[in-house]
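See below for the structure under consideration.
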Amino acid sequence: MPSTRRSFLASALALTSGIIAVACAAYPDAQTNPAIAFTVGQSRAADAARLQPLPLKITASSFHMDPSAFTLPVGRPVQLTFQNQDTVQHQITITGMPAKVLDANSFAKIKQVTSLTDLDAILSGIPNRTVSFIVDPGQTVVATFVPTAPGTFDLQCQSPGHRDAGMISKVFVTAPSNAATPVANGAVAAATAIASPTAMPINMPGMAMSQGVALATATPTPHQAVDPTLLPIAPGTTKDIAFKTIDTNLEIAPGVTLAAWTFDGRIPGPFLHLRQGDTVRFTLTNGSSMPHSIDFHAARTAPNVDYKSIAPGESYTFTWQAADPGAFLYHCGTAPMLQHLAEGMYGGVVVDAVDHPLPPVDRAFAFVQGEYYLTAPDANGIVRADLQKATNDAPDEVVFNGYVNQYMTQPIEVKVGEKIRVYLVNAGPNHFSAFHVVGTIFDHVWVDGNPNNDLRGVQTWTVAPGEGAAFDFVLSKPGNYSMVTHSFADAGKGAMAVFKAQ
Ligand SMILES: [Cu+2]
């Protein structure tokens, strides 16, 4: 566990006595939602799915929620099992999400129904409320509800400071693709305690809205973590490298699919490894629907010439010299750059020094840190980059190598005592990385990855948007070592990884 989280835990414990009072206070975020009309889905499979409550498990540990994002279809009953592994109480709410909150009776009835007509008849008598419940330390609570309107919401802990510490998970409620069955309003939030007799339902003021039910399907596919291993340098001193810009839908968190703008269909784009002095003959082909460009921070060239925007269907080739060693960003430089970066158009380059190279290591890894700013999902459940949110510097997710917490669920396996080098390139577009590996100290930080910039014995090092660095360290005992940005709001949004040392 990160050391700051330990100290946070201590302060949180001190606050526990005041939590019950806070739980009963008004929820300022519970606002009226726009009326939404919809129709009942036509597919039999979709209908059958609506009759089957969706099991959802969320675990809170070390002030972190797992999963950190998930998708729910409008109109399908959800059985949320929330497990609190922390040593303090959590007050969970899904802020602003209208839902039919089901008590034990109505949920039991819903489990019995065999037709959508019966299901909707039961739901029509239940008003919309905010899903809220309290979970005591070490306890598990089950909350049952039916989301009734699409949108992006925060499932978060309302205890003071917990959200900022990472107690937040994104809820994407996908709209029905067709439908039109207006139903009624008004009800009570309920939670059923499994193990804790003190788990309490919190009654919320009703939310005026019209609503109905239908289903969008969401089939979760297991994400394969991007291999962070730095690839070896290809032979030859002239490198022919070609990128194609591609518009494609990419999963960026469990159940969250971004209509992404990419280099080569990936976020980040291909990570390049070059040797100082290499000549790069680079071709950018625009396979997208709008102009794009590339800006190599590793190059020295005229940006108005080589970093110009390329129209859809066109290509441009230019040549540059990898004269400077280091860890560099590349990104699309087309305006508004903020949007093109937030859509995923970035990647990293490592140039190995020739005369005074960095010392050899046993393992070398490459990560690009980046932020996602997301709109609500569209009718197909797809989210987009939200330029307004990016301008307001309010990211939904902060990630290493394009995907939320992918190296938490799939830790990077290393050996005790081996020399490890991490190249970190920060794509931003807005946030500095306070790069830190819990449980060790960097023997070297090479600022910008350049061997001339050698720092020793560093605990945390700042990598600005548009900057890179190389970090050398050793993990001295078997165990799990978290790699984070020590800006913990960002770590809580997905910028965490684990090295598993054996
Ligand atoms: Cu672009």
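The numbers here are math on the coordinates, done by the rules we state, and not lab data. Everything numeric here is computed off the predicted structure, so don't read it as measured data. Quick reminder, even Gly has a Cβ in these numbers, built from the backbone with ideal geometry, and neighbours come from all protein chains shown.
Take the cross-link list LYS111/LYS170; LYS415/LYS493; LYS419/LYS500; LYS419/LYS477; LYS170/LYS389 and give me the ones stretching past 22 Å between alpha-carbons.
Where the Cα-Cα span goes over 22 Å, the pairs concerned are LYS111/LYS170; LYS415/LYS493.
Work through the residues other than ALA298 whose Cβ is under 11 Å from its Cβ and net out their charges, Lys, Arg +1 and Asp, Glu -1.
With Lys, Arg at +1 and Asp, Glu at -1, the net is -3.
Could you tell me the extents of segment 432-471's C-alpha atoms along the three principal axes, largest first, rounded to whole Å?
27, 22, 9 Å, listed from the longest principal axis down.
For THR114 paired with THR229, estimate the spin-label separation in nm (one decimal), with each label point 7 Å from Cα along the Cα-to-Cβ line.
Output for this residue pair reads 5.5 nm.
Counting only DSSP beta bridges with both residues in segment 364-501, tell me the antiparallel percent, nearest 5.
75 percent
Report Rg/Rh for segment 222-318, rounded to two decimals, where Rg is the Cα radius of gyration and Rh the Kirkwood radius.
Across segment 222-318, the Cα-based Rg/Rh ratio is 1.00.
So if each residue of separation counts as 0.36 nm, and I subtract the Cα-Cα distance between ALA104 and ASN480, what length gain in nm does that give?
Full extension from ALA104 to ASN480 adds 131.4 nm.
Post the alpha-carbon centroid distance, segment 136-153 to segment 445-470, in whole angstrom.
Each part's Cα centre sits 42 Å from the other's.
From the Cα gyration tensor of segment 388-450, with a ≥ b ≥ c the square roots of its eigenvalues, which class applies: rounded if a/c is under 1.5, or else prolate if a/b is larger than b/c, or else oblate?
Cα axes put segment 388-450 in the oblate bin.
Can you list the lysines whose alpha carbon is less than 20 Å from that of LYS308, not counting same-chain residues fewer than 8 positions off?
Answer for LYS308, where 20 Å is the Cα cut-off: LYS244, listed by chain and number.
Could you state the orientation-averaged shadow area of the convex hull built on the Cα atoms of segment 306-457, in nm² to one decimal?
So the Cα hull casts an average projection of 12.2 nm².
Which net charge results when you count Lys and Arg as +1 and Asp and Glu as -1 among the other residues whose beta-carbon is under 15 Å from that of ASP448?
Net charge around ASP448: -3.
Taking H placed 1.01 Å from N in the peptide plane, check which residues at least 5 places from THR71 or on another chain put their amide H under 5 Å from its amide H.
PHE172
Which net charge results for the neighbourhood of THR462, defined as the other residues with beta-carbon distances under 14 angstrom from its beta-carbon, given Lys and Arg at +1 and Asp and Glu at -1?
Every neighbour counted, the sum reads -3.
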